[in-house]
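Read-outs throughout are calculated quantities, based only on the coordinates presented, and are distinct from any laboratory measurement. As the structure is a computational prediction, the values presented were derived from the model and not from experiment. Here Cβ is always computed from backbone atoms with ideal geometry, including for glycine, and neighbour counts include all displayed protein chains.
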Amino acid sequence: MNIANVSQNTQYDRFVSLLVRHEQAVRGFVRSLMPSAHDVDDVMQEVGLACWRKFDSFASTDSPDDFVRWACVVARFEVLRHRRNYARDRIVLSEDIIELLATDAQSRLQTAAAERDAVELCLARLQESERRLLLSVHTPGDSIARIASELGQNARRLYSKVNSLRDLLGECVRRRLAEGEV
Amino acid sequence: MDRQMASLIRAYGDAEISPEQLEWLEQTLRGDPAAREQFLHEMNLRAVLEDAVLAQGDATDSHSHHASGVAAVNTGRTSIVARWSFAAATVLVASLVAIALWISINNEPQIATITDLGGSVQWTSGGGHVSHDLTPGHPLHGGTLELPSADSWAELKFTDGSTVSVSGPALLSISDRRRKELHFRHGRMSADVHPQPAGQPMLIHTPTADLEVLGTQFNVNAEAASTVLAVNKGSVRVTRLTDGKVAVVPAKHHVVASVDRTKEFNATRHRRAETAWRSQLPEGIVYGEQTVNDESGDACVRATALLWRGCQRNEQKPILLYLAALSVSRGEQSPVKLRAGARFRIRGHMESPRDLLVGLTTHHLQGGFAGKHHAYRKVDSFASDSGEFELELPVEEFTPEAPEHPNSAVGLGLYDWWCLTLNEDAGLSVFSVELLAPDEPQ
């Protein structure tokens, strides 16, 4: 062990600790700018690497949000870079819209964190069958059409049921945020 | 909530949006901040649901999913290191070519070679060329070796096989004259000198003494006001510069050559090694600022900044250290032996607590420089709310800085003690340092 190793390891430990602690927030930010969950892992990998490469430029004060804000700036560029790769063959929002959304998202990081806490509470209040249906459409590789076919139900009707549950959940989240319960 | 907007956002998130719907969605998002807020709200809820699905599933998969960024960094770190290594190798090749060219132009006789080094080490050649990228095997002609940090050390081998180890902070100039002639401005040196040709002793000049060496093993501690020479084998002839007095120091004896001519200048037999030690601040400060503990009024040492430049094999950019270093045994005092079961007790204060790196410079009790050893302590293991701390570190916890150094500090003599914080000024002040013998109570 020497000072170079210790310095590198200390820096690395600090970085990993911050990334692990705030990955959900950064991931939420990335997801809100991506058209599907499938690409989020790829982008998060690039974000992790880019953040580590640039970690020397991260100047932390005592605010716990500093890392999230900084990582979101890095993530924003990674999302845009990734978008350029998939925009040719998919229906995606244009670059200027993603820029607008990223700017707005960076100013609502605390709200987003409160929303995430509220969703978890609201999800727990749904009936088991409702929760299962709502989550099933978000299972990687699944789609409402496939689930409908498996259940022998009309896809449009199922989609409408899922959307009703999403409304219910959204309402619950809004109510909790308004009441300051999270 | 705008239902039509919600429906479009969900269609987008479900990848079921048509091009026409997307165009309408974009137009709305572009001009309506409330629509963007609704979009981000919906997508955030979706992100939590997707996370919940993963958390519900296979725990291992979920873990690896969440750790994707971290895992990528681990993998990426290798590639980053590989790229750095490549860059370092390129720089090394360029440096070697430059050195070869420089040597061919100057055609100076080689006096010594660096056989090993660690920490921050800088070489300035007689022509003023400065090298930070020293590696073992680096040839030395006339020039100055600078070791600014407490963890710096270098071993030199002369063409006749004599070796010199220098421990930082230190400054050593090598004369380019044919016989071995060193100007040791300050620091600690340990030398093992092979028998020299008759009439051509090795010469070492310090600020207060001239040493003539015919063949011996000895340690030198040089400061502006005094030089301590401890001879382990053979003998060394010393001239005190203030009055020209001469002393011949035989094996197992030491002498102090001070600028104060009223002080004794006689060879004295080495004392028995002690197994306990306590700092006597402000005496012995090697690096750091002497200050006063506000509460007790006692002297203490405050860590001060030092830019650590590393050396070639560390392949990294400079690191800012905040360092406090104390001299433990300079040769005229009893040597301090590190015994198994002994421990250091460090009392101090940090304005903004940080992890601490504590280090030792050690020497062989009957010989020269042994090595540098470190112990690293996370801040949460010892810091208190007030910033004051009392930390105990067993000697066994110290590990060698380099593979060439002894695996354990146990059994070695303690030369220097030091501690530092990395990159940030924690406002570190050290009130006292003690080496507690194995049988001393907690």
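See the values below:
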{"item": "Cut-off under 5 Å, modelled amide H: who pairs with B:S152 long-range", "result": "B:S120, B:G168"}
{"item": "DSSP beta bridges in the protein assembly as shown [antiparallel fraction, %, rounded to 5]", "result": "95 percent"}
{"item": "Spin-label zone in region B:352-374 - amide nitrogen under 18 Å from a point set 7 Å from the Cα of B:A402 along the C-beta vector", "result": "B:359-364, B:368-374"}
{"item": "Cα-centre dipole for the protein assembly as shown with unit charges at Cβ (Lys and Arg positive, Asp and Glu negative), debye to 20", "result": "1620 debye"}
{"item": "Shape call, region B:277-436: gyration tensor on alpha carbons, a/c limit 1.5", "result": "oblate"}
{"item": "Simple label model, 7 Å out from Cα along Cβ direction - B:Q21 to A:R132, nm", "result": "2.7 nm"}
{"item": "Ranked list, fewest to most other Cβ atoms within 10 Å of each Cβ, for B:M43, B:M5", "result": "B:M5, B:M43"}
{"item": "Exposure proxy order (Cβ contacts within 10 Å, fewest to most) of A:R175, B:R339", "result": "A:R175, B:R339"}
{"item": "Values of log10 I(q)/I(0), in the order q = 0.14, 0.16, 0.18, 0.28 Å⁻¹, for region A:126-182 under a Debye, Cα-only, solvent-free model", "result": "-0.44, -0.54, -0.64, -1.13"}
{"item": "Taking chain A and dividing mean pair separation by its residue count, relative contact order in percent (alpha carbons under 8 Å, at least six apart)", "result": "20 percent"}
{"item": "Distant-in-sequence amide H partners of B:H270 (H built 1.01 Å from N, under 5 Å)", "result": "B:H253, B:H254"}
{"item": "Computed over region B:192-276, the ratio Rg/Rh where both radii use C-alpha atoms and Rh is Kirkwood", "result": "0.97"}
{"item": "For region A:1-109, fraction of C-alpha pairs farther apart than 25 Å, in %", "result": "25 percent"}
{"item": "Debye intensity ratio I(q)/I(0), log10, region B:362-418, q values 0.16, 0.23 Å⁻¹ (C-alpha model)", "result": "-0.56, -0.89"}
{"item": "Segment B:R3-B:Q290, length gained on full extension (0.36 nm per residue, minus Cα span)", "result": "96.3 nm"}
{"item": "Calculated on alpha-carbon atoms, Rg and Dmax of region A:27-182 in Å", "result": "18.0, 56"}
{"item": "Check: region B:375-442 dipole with +1 on Lys, Arg Cβ and -1 on Asp, Glu Cβ, in debye", "result": "140 debye"}
{"item": "Square roots of 5 times each gyration tensor eigenvalue, C-alpha, the protein assembly as shown, largest first, Å", "result": "67, 27, 18"}
{"item": "Phi to ³J(HN,Hα) by Karplus 6.51 cos²θ - 1.76 cosθ + 1.60 over region B:134-142, Hz, x for Gly, Pro", "result": "6, 9, x, x, 5, x, 10, 9, x"}
{"item": "Cβ neighbours within 10 Å from other chains - mean over A:51-58", "result": "2"}
{"item": "Using θ = phi - 60° and Karplus 6.51 cos²θ - 1.76 cosθ + 1.60, couplings along region B:368-378 (whole Hz; Gly, Pro as x)", "result": "x, 4, 9, x, 10, 10, 10, 9, 10, 10, 5"}
{"item": "Rg to Rh, two decimals, where region B:112-269 supplies the alpha carbon set and Rh follows Kirkwood", "result": "0.96"}
{"item": "With eigenvalues of the C-alpha gyration tensor scaled by 5 and rooted, region B:145-214, Å", "result": "21, 13, 10"}
{"item": "Packing-based exposure ordering (other Cβ within 10 Å, fewest first) of A:S149, B:S120, B:S279, B:S173", "result": "A:S149, B:S173, B:S279, B:S120"}
{"item": "Nonlocal amide H pairs with B:I285, under 5 Å, H built at 1.01 Å", "result": "B:S327"}
